[in-house]
Each structure stands twice: as C-alpha cells, then as structure tokens.
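Below: one structure, written as structure tokens.
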Amino acid sequence: MKVVLFCGGMGMRLREYSDNVPKPMVPIGYRPVLWHVMKYYAHYGHKDFILCLGYRADVIKNYFRNYDETITNDFVVRAGQGVELLGNDAREWSITLIDTGLRANIGQRLAAARRYLNPGETFLANYSDGLTDAPLDKIIGEFEVSEKTACFLAVRPTFSYHLIDMNQQGEVIDIRHSGEVDLRINGGFFVLRPEIFDVMLPGEDLVPEPLSRLMRTGRLMGYRHDGFWASMDTFKDRQMLEDLHGRGQAPWQIWSKEPATDSESEKC
C-alpha cells in the first residue's frame, strides 16, 4: 500500500527546532521523527511513500537526496575500496516528494497527493509526528473486511487532567481524572479507501468535515489501541521520546524487536 505522509507543518510549539527545520525533521537520536514513522510502515512491508511538503520543503528534499545509510547501519571501511554496508534501512523505499503549499491544510495536501495514488486502491496516511507500536497488519486486516471508507487509530491521550462536568448554573457536579474514563483521540494513523475523495469538498480539512460525513453514514471506523502512542507536539514530548530512544526502550521501534513476516512484506 502507498503511504501518504503530511510533512508541511511548522511545529510552532517546537520553536527550538522549527525555525530551521520542518516539524517532521525534528530528530530523535540520529534520525528525524519522520524517519521513525517511515520505518514503522516499512516494517510491515509498506515502503512506497508520498511526502506532502510545505514549510522548509528544501530540508526534507535535501535529506533524502543525500541520504546516508551509514548513520544507522554498521559498515566496513577498506582503504582504497570505499565503504561496505553491513545492513540497510531505506534502500528499498520509494519516496515521492511533492510540494503541497506552505499554508495548505491536511485535506488540501491529501487532495494534492491523489494523482500519485493507485486508482481504486486502499492507502495509508499519517500526520508524521506520532509514534506507536500498534499492530498495523491487524488494523488493515479488520478494515479490509469492513465496508468502511476510513479508519483511524483511536488512542488514549498522553495528557493527565481532571475532567469536570457542570450544570447551567455553573455548579460542578462531577470531577474525574482523565485516566478514569475511556477518553479517546485521533492518533493520526489512517487507513483510507479512494472513496474518501468523494466526501471531501475543495479547501476542507480531513478532520472534522469529511470524516464527520462518513460518521453520520456509518462509514467511519476507529481502531482502539491501548499500547504505546505518543505525539511530538512540544519540546517536552521530544525530550520524552529522546529519552526512551537513548535508553533503548523505544516501544515504537518494532523493527528492532522482530523481523517482518513474509505475509507482511507481501502487503506493500
């Protein structure tokens, strides 16, 4: 399946980085968060990517044009014979980079990517700033046997707040911790059929307008995931992910835990 990645965001809450690089290029370890997202999909055999660029598109273009496999792979240097890689992580990737506008919303970026998709085929899409250990093969499998048009990963938010309920007079009638309720948010991992374009009007964002129309007609699916999920929205989020990576305890790096099966590889 093709994977559409929305890479045009400015990352206003990551000002320490976003003045120089687009949000998807903020690093975790040696590689940008975008690379970690792509590795997740590639682990399941989905290696055909469409990158929807916007802010500082040049940074992303130059990164992949000058991609260095030695950063995250072992290699041997032989004098006068160059470098022999002992592994690779992106050699089989196909990456289409398209400029979808500096101020375009997600819906507009998706519409711009439509001509690069395979007609009639289901495809994947992602905000490019979230990481998870969700079982992508299972998500796709459940979606394919359904009659839904769209599916997104439904995750528990990482924030911790007290939720209150008030009456019309302003009296607080209930206080609950966010962890005590089955509160779910859109985790930014989508599975979409081409029919999604039939419910998108020009200029609309993907959420909420088109998905709300699908919801009202029973064609929207949410996949509940209670495992790891985190979005890199703030500097604090980036520090947390960097710490997990540095300690070798990054749950989203499923590619380092087990090899993809043959059946998973055949899905791309």
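The values are calculated or read from the model by the stated rules, or taken from the named source; none is laboratory data. Predicted model, so just to flag it, every value in this text is computed and none were measured. Note: ideal-geometry Cβ built from the backbone for every residue, glycine included; neighbour counts use all protein chains shown. Just the protein is used for accessible areas: all its heavy atoms, side chains included, with ligands, DNA and RNA removed. Shrake-Rupley method; radii C 1.70, N 1.55, O 1.52, S 1.80 Å.
Distance from the Cα centroid of the range 131-151 to that of the range 112-126 is 16 Å (rounded to whole angstrom). Considering only GLY87, ALA125, GLN108, and ranking their Cα positions along the charge dipole of the range 51-133 that arises from unit charges at the beta-carbon of Lys, Arg, Asp and Glu, the one farthest toward the positive end is GLN108.
Which value, in Å², gives the accessible area per residue of the chain when a 1.4 Å probe is used on the protein heavy atoms?
Working: 13940 Å² over 268 residues.
Ligands and nucleic acids excluded, the figure is 52 Å² per residue.
Roughly how many percent of the accessible protein surface of the range 67-130 is carbon and sulfur, given a 1.4 Å probe and a whole-percent answer?
Summing carbon and sulfur atoms, their accessible area is 46 percent of the total for the range 67-130.
Comparing GLY107, GLY203, GLY87 in a Gaussian network model of the chain where C-alpha atoms under 10 Å apart are linked, the largest mean-square fluctuation is found at GLY87.
Based on C-alpha pairs under 8 angstrom that are at least 6 apart in sequence, the range 51-105 has a relative contact order of 51 percent. Taking the chain as a Gaussian network of alpha-carbon nodes connected by springs under 10 Å, the highest mean-square fluctuation of the residues ASP74, ASP205, ASP233 belongs to ASP74.
Under the rule of -39500 (n - 2.57) per DSSP H run of 4 or more residues, summed and divided by the residues of the chain, what mean residue ellipticity at 222 nm is obtained, to the nearest 500 deg cm²/dmol?
Numbers: 8 runs with 65 residues, N = 268.
That comes out to -6500 deg cm²/dmol.
Structural descriptor for the range 1-121: relative contact order 30 percent, calculated from alpha carbon pairs under 8 angstrom and at least 6 residues apart.
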